[in-house]
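Student: Pasting a structure here, questions to come.
The values are calculated or read from the model by the stated rules, or taken from the named source; none is laboratory data. Please read all numbers here as calculations on a predicted model, not as lab measurements. All Cβ positions, glycine included, derive from the backbone under ideal geometry; neighbour counts span all protein chains shown. Heavy atoms of the whole protein, side chains included, go into the accessibility calculation; ligands, DNA and RNA do not. Shrake-Rupley method; radii C 1.70, N 1.55, O 1.52, S 1.80 Å.
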Amino acid sequence: MVIKNAKVCDIHGERVTDIRIEEGIITEMADGLSCSEILDAGSLYFMPLLVDTNVRVQDSSLNAKNIKALSDEALSAGVGHVVLNPDTTPAIDNEIVLEFAQNGLHGLKGAKVDLMLNTLKEDNTLSNIAILLKRGAVAPYMSTIAKNDVAIKIAEYCQMYGVTLFCKAEDNSLISSGVMLEGDVSSKLGLAGIPDLSEVLHVSRMIEIARHFKIKILFKAIASPRSIYLIDKAKQDGVDVTCEVSIHHLSSSDEACKNFNTTAKLNPPLSSKEDLKLLQEALKEGKIDILTTLHQPSSPLNKEVAFYDAAYGCEGLKNAMSVYYTKLVKSGIISMPDIVRLCVQNPSLSIGGNAGEIKVGSRANAMLFNPDEKVMMDEKLSLYCGEELYGRVEKIFN
């Protein structure tokens, strides 16, 4: 097959060329290619499939059916590789559950699914990190509810095996009673709030652990601009820390929780309107390293209830590329090559991969993306329900 007039977009930028694909491999890239099977892209974007390292299965219930549904939904939205969070039911914190989850990966025809390991067991003691890494988990995940002595042991394992620690910064004593960000909106709604200090305090603590042990830490789903400032300052000091922010936190504020909208009940909670602007500025300035859909789908049974009782999370993978394009590229915040860097290259690097470049000799693992096509979101559990979005994934090469 030859794809004519494709606007190739990867980590090197954008250029228009023809692409020859044979048995899933890019064999030639040049102008004027010919073939009996020709697809005229008409200047649609030919870009790598996205990578998302922060997704969950339906209701966080770990089984083969939910893993398959996750894989299929991801690929249909232009996401070719996902990493499943390990705080599932049951949690991926021992060899038996890891093997059970790995059995659910067999025969997948959608996106590639990798598994993280939960470094903490339910009683907050340490899981067998070494065994789980050797048996195929791609990265250790830690919530900062871990006490200092346990966090230090986890850091030592990361140092020993040279892996990135995926870290969720949160304070157990501050998140236990709150259901959204502490601020004006929570006060008006009469809902218990979670102060952003819950995140900031533990980002600061883990930066010092990364500095001391010289390990890599990726802070997951950061919501506070203050946290990003601390992480950026640490980078300048030579500490190997990076941060991930969700598309929801870059396009919606806690005002989305008005009228007790449970779809906007996220973990971490949505930021204030003022902090939303600061997060967008941080993205423009290159201080955010990775983007995620923060996909955490829940059944209506767990969402269509009182706000306090509702499950955290919302749909994120469905039309992921369309949401990224509309909210970030079409609005002028970042460019399409930035999307490749933030949604392909950097998340791939965090798990030891090297995606993001379209070149001769590599597998296609790409999509044709039409930025002019209008898409309507109609999922009840999507934060963008009913919004007018642009950009449709026309074809997947996987």
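Student: Quick check for you: which residues of the stretch 292-335 have the amide N under 19 Å from the point 7 Å beyond the Cα of residue 388 toward its beta carbon?
Tutor: 322-333
Student: Right, something else. Report the dimensions of the stretch 88-155 along its three principal axes from the alpha-carbon atoms, largest first, rounded to Å.
Tutor: If we take the Cα atoms of the stretch 88-155, the spans are 42, 20, 18 Å.
Student: Once amide H atoms are built 1.01 Å from N in the peptide plane, which residues 5 or more positions from residue 55, or in another chain, come under 5 Å H to H?
Tutor: 83, 85
Student: Assigning unit charges at the beta carbon (Lys, Arg +1; Asp, Glu -1) and nothing else, what dipole magnitude in debye, to the nearest 20, does the chain show about its Cα centre? Let's see the in-between values first.
Tutor: Numbers: 41 positive and 52 negative charges, 74 e Å.
With Lys and Arg at +1 and Asp and Glu at -1, about 360 debye.
Student: Could you work out Rg/(2.2 N^0.38 Å) for the stretch 238-304, with Rg from alpha carbons only? Intermediate results must be reported in sequence, preceding the final value.
Tutor: Details: Rg = 13.7 Å, N = 67, 2.2 N^0.38 = 10.9 Å.
In units of the globular-protein estimate, the stretch 238-304 measures up at 1.26.
Student: Take the alpha-carbon positions of the stretch 242-398, form their convex hull, and give its projected area averaged over all directions (one quarter of the hull surface) in nm². Show your work: numbers first, answer last.
Tutor: On the way: hull surface 40.4 nm².
Its average projected convex-hull area is 10.1 nm².
Student: Right, next: Report the one residue of 111, 217, 197 whose Cα lies farthest in the direction of the positive end of the charge dipole of the chain (charges on C-beta: Lys and Arg +1, Asp and Glu -1; origin at the Cα centre).
Tutor: With unit charges placed on the Cβ atoms, the residue in question is 217.
Student: Which listed residue (185, 129, 386) has the Cα farthest towards the positive end of the charge dipole for the chain, taking +1 on Lys and Arg C-beta and -1 on Asp and Glu C-beta about the Cα centre?
Tutor: Looking along the dipole axis, the top candidate is 129.
Student: Restricted to Cα positions, what overall size does the stretch 190-320 have along the principal axes? Three whole-Å values, descending.
Tutor: Over the stretch 190-320, Cα extents along the principal axes are 46, 29, 26 Å.
Student: By average Cβ neighbour count within 10 Å, what is the ranking of 103-112, 76-85, 25-34 from highest down? Spell out each step's value before the answer.
Tutor: On the way: 103-112: 15.3, 76-85: 25.5, 25-34: 12.9.
The peptides rank, most packed first, as 76-85, 103-112, 25-34.
Student: Calculate the translational D of the stretch 30-157 in whole µm² s⁻¹ from Stokes-Einstein, where the hydrodynamic radius comes from the Kirkwood formula applied to all Cα pairs, the temperature is 10 °C and the viscosity 1.306 mPa s.
Tutor: Numbers: Rh = 16.5 Å.
For the chosen part, D equals 97 µm²/s.
Student: Mean shadow of the stretch 274-358, computed from the convex hull of its alpha carbons, in nm²? Before the final figure, lay out each step's value.
Tutor: On the way: hull surface 29.8 nm².
Taking a quarter of the hull surface, the average projection is 7.5 nm².
Student: Can you bin the stretch 115-241 into rounded, prolate or oblate? Criterion: square roots of the alpha carbon gyration tensor eigenvalues sorted a ≥ b ≥ c, rounded for a/c under 1.5, prolate for a/b above b/c, oblate for the rest.
Tutor: Details: a/c = 2.47, a/b = 1.52, b/c = 1.63.
Oblate, because a/c is 1.5 or more while a/b does not exceed b/c.
Student: What fraction of the DSSP beta bridges in the stretch 82-206 is antiparallel, stated in percent and rounded to the nearest 5? The partial results should precede the final answer.
Tutor: Numbers: 1 of 12 bridges.
Once the DSSP bridges in the stretch 82-206 are tallied, antiparallel ones form about 10 percent.
Student: I need the peptides 192-199, 217-224 ranked by packing, meaning the mean over residues of other C-beta atoms within 10 angstrom, with the highest value on top. Working shown, then result.
Tutor: On the way: 192-199: 19.8, 217-224: 26.1.
Highest mean packing first, the order is 217-224, 192-199.
Student: Among 75, 86, 44, whose Cα projects farthest towards the positive end of the dipole of the stretch 5-88, with charges put on the beta-carbon of Lys, Arg (+1) and Asp, Glu (-1)?
Tutor: After comparing all options, I get 86.
Student: How would the stretch 229-277 be classified by its alpha-carbon gyration tensor: rounded, prolate or oblate, with rounded meaning a/c under 1.5 and the a/b versus b/c comparison settling the rest? Intermediate values should be presented prior to the final figure.
Tutor: Details: a/c = 3.99, a/b = 2.72, b/c = 1.47.
The shape class here is prolate.
Student: To continue, here is another question. Go through the stretch 213-220 residue by residue and turn each phi into a ³J(HN,Hα) via Karplus (6.51, -1.76, 1.60, θ = phi - 60°); whole Hz please, and just put x for glycine and proline.
Tutor: 3J(HN,Hα) across the stretch 213-220, in whole Hz: 8, 6, 10, 8, 10, 10, 7, 7.
Student: Something else about it: Work out from phi, with θ = phi - 60° and the Karplus expression 6.51 cos²θ - 1.76 cosθ + 1.60, the ³J(HN,Hα) of each residue of the stretch 288-298, listed in order in whole Hz, and give x for Gly and Pro.
Tutor: Karplus-based 3J(HN,Hα) across the stretch 288-298 equals 9, 9, 9, 10, 9, 7, 6, 5, 8, x, 10 Hz.
Student: Right, here's the next one. Can you give me the distance in nm between label points at residue 273 and residue 192, each placed 7 Å from the Cα along the Cα-to-Cβ direction?
Tutor: Spacing of the two 7 Å Cα→Cβ label points: 2.8 nm.
Student: Another question, then. How big is the Kirkwood radius of the stretch 63-126, worked out from every pair of different alpha carbons and given in Å to one decimal?
Tutor: Working: mean 1/r = 0.0823 Å⁻¹.
Radius from the Kirkwood sum: 12.1 Å.
Student: Let me ask you something else. May I ask you to derive the FRET efficiency for residue 172 and residue 226 from their Cβ-Cβ distance with R0 = 22 Å, giving the value to the nearest 0.05?
Tutor: 0.65
Student: Right, next: Taking 0.36 nm per residue of sequence separation and subtracting the Cα-Cα distance, how much length would be gained by fully extending the chain between residue 27 and residue 211, in nm to one decimal?
Tutor: Working: separation 184, 0.36 × 184 = 66.24 nm, distance 4.39 nm.
Full-extension gain reported as 61.9 nm.
Student: From the protein chains alone at 1.4 Å, what is the descending order of accessible area for 229, 325, largest first? Spell out each step's value before the answer.
Tutor: Numbers: 229 120, 325 30 Å².
If we order 229, 325 from most to least accessible, we get 229, 325.
Student: By its C-alpha gyration tensor, with a ≥ b ≥ c as the square roots of the eigenvalues, how is the stretch 325-387 shaped: rounded for a/c under 1.5, else prolate for a/b larger than b/c, else oblate?
Tutor: Prolate is the answer for the stretch 325-387, as a/c is 1.5 or above and a/b outweighs b/c.
Student: Separate question: Charges only on Cβ, +1 for Lys and Arg, -1 for Asp and Glu: so what's the dipole of the stretch 244-398 about the Cα centre, in debye to the nearest 20?
Tutor: Values: 17 positive and 20 negative charges, 67 e Å.
Rounded to the nearest 20 debye, it is 320 debye.
Student: Would you please give the residues with an amide H less than 5 Å from that of residue 373, counting only those at least 5 places away or on a separate chain, with H modeled from the backbone geometry?
Tutor: Excluding prolines and chain starts, which carry no amide H, the hits are 391, 392.
Student: Further question: Can you tell me the FRET efficiency between residue 285 and residue 309 if r is taken as the Cβ-Cβ distance and R0 is 51 Å, rounded to the nearest 0.05? Please list the in-between numbers first.
Tutor: Numbers: r = 39 Å, r/R0 = 0.76.
It comes to 0.85.
Student: Same structure, new question: Net charge around residue 69, counting only other residues with Cβ within less than 13 Å of its Cβ (Lys, Arg = +1; Asp, Glu = -1)? Before the final figure, lay out each step's value.
Tutor: Values: positive: 56, 65, 68, 109, 318; negative: 59, 72, 73, 315.
In short, +1.
Student: Further, regarding this structure: About the Cα centre of the stretch 282-350, how large is the charge dipole given +1 on each Lys and Arg Cβ and -1 on each Asp and Glu Cβ? Please answer in debye to the nearest 20.
Tutor: I would put it at about 240 debye.
Student: Bin width 10 Å, origin at 0, all Cα-Cα pairs of the stretch 2-94: what percent of pairs per bin?
Tutor: All Cα pairs, binned at 10 Å, distribute as 15, 33, 23, 18, 10, 1 percent.
Student: Would you compute, from DSSP H runs of 4+ residues alone, the mean residue ellipticity of the chain at 222 nm, taking -39500 (n - 2.57) per run and dividing by the full residue count, rounded to the nearest 500? Could the numbers behind the result be given before it?
Tutor: Details: 14 runs with 117 residues, N = 398.
That comes out to -8000 deg cm²/dmol.
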